1. Under 5 Å between amide hydrogens, which residues at least 5 positions from L211 or on another chain qualify, with H placed 1.01 Å from N in the peptide plane?
2. Assuming R0 = 41 Å, can you tell me the calculated FRET efficiency for the pair A109 and T177, based on Cβ-Cβ distance, to the nearest 0.05?
3. How would you order 195-202, 97-104, 161-168 from highest to lowest mean count of nearby Cβ atoms within 10 Å?
4. Sticking with the crude label model, points 7 Å out along Cα→Cβ, report the distance from T119 to S74 in nm, one decimal please.
Amino acid sequence: MNNPKTETVRFVPRCPRRAGLALVVALAVTSFAWLAARATGGGGATHLSWDLIHLIGNVISAGGSDSAKAADGSQITLTGSGTWASEGDEQGQAVTGGGTWQTFGTNGASTGNGTYVVTGLVSFENAGPNGVPTLIDNIGSYLDARGGLLVLRVRYSDGQRGVLTVSCHGPANVPDTVFEGITATKGIVGYVDRGKPAAGVDGNRTVFHVLPQTDNDDQQ
């Protein structure tokens with residue numbers, strides 16, 4: 001049988017050494033992972049913006065309007081913009097935005113108007129960059145513009161709720177399956193027949209931008 005005192009002297013010092021070595025290894029691995037995430041831009045959420053735009057000539061600017069029709073031909077017209085933050089493929093957060101709405105009957109007469117606010121993000125699918133700049137972008141950098149499909153939950157000023165779908169095809173690099181414009185629901189009405197953009201006509205156009213990262217993003 002070994003001497004108990006000898007065993008105590010032999011083994012007690014080794015535990016702290018092993019624990020210290022494990023701590024050093026863990027810190028090294030964690031630091032490497034953090035640096036790798038920073039290098040690849042994975043250290044925080046990606047912030048994006050959406051706008052319903054004017055396109056006059058070759059100039060993009062904020063404040064445009066988009067329309068869509070219901071099954072009976074009645075129409076909704078919206079203005080709007082906003083932002084959201086997405087973390088990789090996870091559902092986004094920090095959603096803001098809203099605009100104005102106006103509805104029209106089948107005879108073209110106004111049937112209501114007001115404002116709406118965005119209350120949540122349903123989904124966003126990024127279709128990629130628009131390619132070589134061909135337009136003058138007064139909202140952001142055209143190099144940061146993206147095509148894609150954004151679905152938002154909204155609340156209208158008359159108390160009704162709905163879903164706003166904003167889709168941006170862009171001039172290049174985006175599949176033709178991606179449409180340009182909006183569709184919307186308001187209460188029980190689905191305005192699913194989107195207004196189609198026409199050459200030389202201002203309306204029914206959208207844009208997304210990836211926003212510059214800030215120091216606050218790094219701290220999230």
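Throughout, read-outs are computed from the coordinates displayed, never taken from laboratory work. A quick note: this is a predicted structure, and the numbers were derived from the prediction, not measured. Reconstructed Cβ throughout: ideal geometry from the backbone, glycine too, with neighbour counts over all protein chains shown.
1. Under 5 Å from the amide H of L211: H47, L48, S49.
2. Here the calculated transfer efficiency is 0.70.
3. Highest mean packing first, the order is 161-168, 97-104, 195-202.
4. Computed distance between label sites T119 and S74 equals 2.0 nm.
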